[in-house]
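See structure below.
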Amino acid sequence: MSTPVPHNGHEHELEPEFGLPEPLPKTERILWQGTPDWRSLAVRVFHLRKLALYFAAIFALRAWFLLSEGSSVGAVALDLLKLSPIPLFALASLAGVAWLTGRTTVYTITDRRVVLRIGIVLTLTFNLPLPTLRNADLHGNTDGTGDIALRIPESDRIAYLHLWPHARPWHVKHPQPMLRSVPDAPAVAQLLATAWAEATGVGPVAATRRQPAMPAAPRAHEEPQHGAVPAH
């Protein structure tokens, strides 16, 4: 399974290999490459929908207050129109950040590692060798995308802020890299589980979902390993 990803920006034209910090060895092959769905990022990571509902509630309260004070419907509409640039700018800014995040991110799965190329201004590349992955959790979304969290050994520390938003929420003490809003996430998770099994020689591992909103994990061995090497 291999998904081609279109080149997404002149700032990465000098990459030795798209989405990777260096050319792959001849003995290593890419199994899959993908980028986050920016619309899903906007809703689930940057909470665009919740913020829109918040502003809608504020505007409704403002309209109710003005009407209760005796203002006409026209005057209320004009007042709200004058205030509208503020929420529109905030929502557009968040949508823009989500779009840039999707545009500048490339996730790569090879038969030896998982690579995350992330960052809008400062590009960071994280190499996660498959044998070091101790667990992978799949969280499916209703729009068909999904998040795949990767648990690495606690000795391989990556700063949460370096990873965000490609980090599992609320796991700050021991951050977990996460492939966010991946299209066709169950198939990608299964491919990852198969690649991990082949790389470690453990045997077939199934990536399943118990429920659409609950994580399910292809389990790896619990022996400490080295890995998770960030590279600029």
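All of the numbers you see were taken from the coordinates with simple rules; none came from a lab. Since the model is a prediction, treat every value here as computed from it, not as a measurement. A quick note on method: Cβ atoms are made from the backbone with ideal geometry, for glycine too, and the neighbour counts reach across all protein chains shown.
Filter the trypsin sites (Lys or Arg not before Pro) in the range 24-119 to those in DSSP coil with at most 10 other Cβ atoms within 10 Å of their Cβ, and list the result.
Values: sites: Lys26, Arg29, Arg39, Arg44, Arg49, Lys50, Arg62, Lys82, Arg103, Arg112, Arg113, Arg117; in loops: Lys26, Arg29, Arg112.
Here the trypsin sites (Lys or Arg not before Pro) that fit, given the DSSP loop and packing criteria, are Lys26.
Net charge within 13 Å of Arg49 by Cβ-Cβ distance, Lys/Arg positive one each and Asp/Glu negative one each, not counting Arg49 itself?
Values: positive: Arg39, Arg44, Lys50; negative: Asp143.
In short, +2.
Quick one: net charge around Gln176, please, counting Lys, Arg +1 and Asp, Glu -1 for every other residue with C-beta under 13 Å from its C-beta.
On the way: positive: Arg134, Arg151, Arg157, Arg168, Lys173, Arg180; negative: Asp137, Asp147, Glu154, Asp156.
Result for the local shell: +2.
Along Cα→Cβ, 7 Å out, is where each label goes; now give me the distance between the ones at Glu69 and Arg39 in nm to one decimal.
Taking the two extended label points, one gets 4.0 nm.
Enter the Cα centre distance for the pair the range 53-82 and the range 177-194, rounded to the nearest angstrom.
Answer, in whole Å: 45.
Within the range 99-141, whose backbone N sits under 20 Å from a point 7 Å along Cα→Cβ of Ser155?
It comes to 113-114, 127-136, nothing else.
Could you line up His47, His162, His139 from fewest to most neighbouring Cβ atoms inside 10 Å?
Values: His47 13, His162 16, His139 22.
In increasing order of surrounding Cβ atoms, one gets His47, His162, His139.
Assuming 0.36 nm per residue, please report the length gained on full extension of the stretch His47 to Trp164 beyond their Cα-Cα distance.
Details: separation 117, 0.36 × 117 = 42.12 nm, distance 1.45 nm.
So the chain would gain 40.7 nm between His47 and Trp164.
Would you mind getting me the FRET efficiency between Leu100 and Thr142? Use the beta-carbon distance for r and R0 = 25 Å, nearest 0.05.
Working: r = 24 Å, r/R0 = 0.97.
Computed FRET efficiency for Leu100 and Thr142 comes out at 0.55.
What FRET efficiency, computed as 1/(1 + (r/R0)^6) with R0 = 45 Å and r the Cβ-Cβ distance, is obtained for Tyr54 and Thr123, rounded to the nearest 0.05?
Working: r = 33 Å, r/R0 = 0.72.
For R0 = 45 Å, the calculated efficiency reads 0.90.
Quick one: putting +1 on the C-beta of Lys and Arg, -1 on the C-beta of Asp and Glu, what dipole do you get for the range 114-189 around its Cα centre, in Debye to the nearest 20?
Values: 7 positive and 6 negative charges, 50 e Å.
Here the range 114-189 has a charge dipole of around 240 debye.
Quick one: Phe59, Phe126, fewest Cβ neighbours within 10 Å first, how do they rank? Each step should come with its number before you reach the end.
On the way: Phe59 16, Phe126 23.
Taking fewest neighbouring Cβ atoms as first place, the list is Phe59, Phe126.
Label point 7 Å out from Glu28 along Cα-to-Cβ: which residues of the range 99-141 have amide N under 18 Å?
106-118, 124-134
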